[in-house]
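Laboratory data are not the source of any read-out in this text; all were calculated from the coordinates shown. No experiment lies behind these values; they were computed from the predicted model shown. Positions of Cβ are generated from backbone atoms using ideal geometry, with glycine treated the same way; all protein chains shown enter the neighbour counts.
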Amino acid sequence: MGGFRVIAMAEETANEVRATRKSPGYGHPVHAETADGPWPCRVCLERKEPRGERRLLFTYDAFRGVEELPLPGPVYVHEEACRRFQGDNRFPDDLRRVPLTFNAYGRGRQLRAQEAVTDGRVEPVIAALLARADVDYLHLRHRSAGCYLARIERAG
């Protein structure tokens, strides 16, 4: 399998949201709450159980900095700063327990393929999608909720 890199939301983006309490690029107000169920933070990509954890919900463009046309949707981050997931050839363990959809995109936000993974075996799917010549990157989404989790690109 070729190498891959999981790209979580930038700490700078989350820190901007924490400081301004506004969604980047949109200015929508951020919603702060105590989690009432398990959820993955888009920065550290850890799936948190609700133990009084505070989180922020805001509008985020999953194509920000990658494509011209936006695709905004709701995402969560920790209310307090956390360390960004670093994922060269490593998939976040916590996300293996989440039903996932891999959207394979070509430049210009062209959806080329879509694959579901519900058993945690993500590497074969990532390898097959990134092996396609017409695919430039993948979006990882929560299969049940539909929300954006992270981007995956070829390493190197």
Mind pulling the angle between the C-alpha long axis of helix 11-20 and the longest principal axis of the chain? Nearest 10 degrees, somewhere in 0 to 90. 30
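Taking the mean number of other Cβ atoms within 10 Å as a proxy for protection, how do you rank 19-30, 129-140 from highest to lowest?
Taking the mean over residues of other Cβ atoms within 10 Å, the ranking is 129-140, 19-30.
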Given just the C-alpha atoms of the range 50-139, how large is their convex hull per residue in cubic angstrom? 124
